[in-house]
Amino acid sequence: MIITFFLLACGEPEDVNIAIGPETGETEPSSEPSDTTTEPSSEPAEEPADEPAAEPSGELRWNTLSVGETHNCALQSDGQVYCWGYSAANQLEPPPDTLFQDVSAGLWHSCGIDTQGALQCWGCDGNDIGQCSPPSGTYTHVASGQYHSCALTTDGSIDCWGCGDPRNYDQCEAPSGTYTQLAIAGEHSCALSSSGQIECWGCGAGSDNWGQCSPPAGSYTQISVGAANGCALDDQGDTTCWGRDHFSESSPPEETFSQISLGHIHGCGVTSQGVLDCWGCNGGPEATLGQCNPPEGSFIQSGSGTGHSCGLNERYEITCWGCGDGSWRWDIGQCDSPTLIE
């Protein structure tokens, strides 16, 4: 599953979990990790000695990052998109000669908004139930989940697509209103209204409902959703979570954050001091892959997938971690650091 933030930002999920579908004949990992718990390291990452941050002086750099379930996409300052990781459905192949203003990585697909405001989606080979057929129109923000995506129009309304059988849990039935941010998972979707309230939808018949479609009241500034949970930041940097907490994925540390992201059984965030902190990973086959053990340094964005996480540091470089040190069966390059496209 995993996720979405809007520096825009971004998010995912069968619950935000890996669902290698029956369409390809590949093995599908369990939608629920086992109850065997493995405690993630409790040692906080120490910030290294202060060094001046690289100034965005017009040089080519990464602008923003989107972490999907088993692949990632990143947007360069010149509008080019680069995706890396699992590629079975061609979800790493954005349309050529196209510049983008936003991008989001899902499971079998990725979507972006080009510089004209039009939606473009790619991937879906052998796993297309409508998630690669976006509507026409002009859009400002896109977020992709497992088998669907949603986007904000220029007037702040929401359009969703995908959700074909057998993956229809009403997660494409977006509410009316004006919104500023989207967070998309597998069986549910959430949005932040222009007044700061959270609305979630989906969790229909056949879904794995842990309360992830019942967000808290209040006013918030950022949201992220995981496989069966969600978390939100208020204007003080405090985090409130709802939904499943079976693996401590809804129990972030008691500190203030500037940005958060949720994955399958974990979450990561950038603290108000600019360092990364992660939580969850307390059980299941993905518990010991290292996605809850972030690197040291100063960061501005985090992204969480299924067995990996990534961060964009203050020098506009991308670092990823997890993947079981190369031994995980779903490690297909998503923990590599991308190279800028010249």
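Please treat every number below as a calculation from the coordinates, not as lab data. Worth saying up front: this structure is predicted, and the values here are computed from it rather than measured. Positions of Cβ are backbone-derived with ideal geometry, glycine not excepted, and every protein chain shown enters the neighbour counts.
As a ratio to 2.2 N^0.38 Å, the alpha-carbon radius of gyration computed for the range 54-125 takes the value 1.07. Note on T339 and E173: their simple-model spin labels are 4.9 nm apart, each label 7 Å out from Cα toward Cβ. A simple spin-label model places pseudo-atoms 7 Å from Cα toward Cβ; at A205 and S133 they are separated by 2.3 nm. By the count of other C-beta atoms within 10 Å, a proxy for reagent exposure, S298, S250, S224 are ordered fewest to most as S298, S250, S224.
How many percent of the alpha carbon pairs in the range 206-290 exceed a separation of 21 Å? Result for the distance tail: 25 percent. How big is the gap, in Å, between the Cα center of the range 94-128 and the Cα center of the range 224-303? Each part's Cα centre sits 26 Å from the other's. Shown here is the pair-distance distribution of the range 88-205: with all Cα-Cα distances grouped in 10 Å bins from zero up to the longest one, the shares run 16, 48, 31, 5, 0 percent.
Nearest 0.05, what FRET efficiency do D155 and E296 give at R0 = 56 Å with Cβ-Cβ as r? Result of the calculation: an efficiency of 0.85.
Counted by neighbouring Cβ atoms within 10 Å, the residues V103, V142 run from fewest to most as V103, V142.
Extending 7 Å from the Cα toward the beta-carbon at both D235 and S219 defines two label points whose distance is 0.5 nm.
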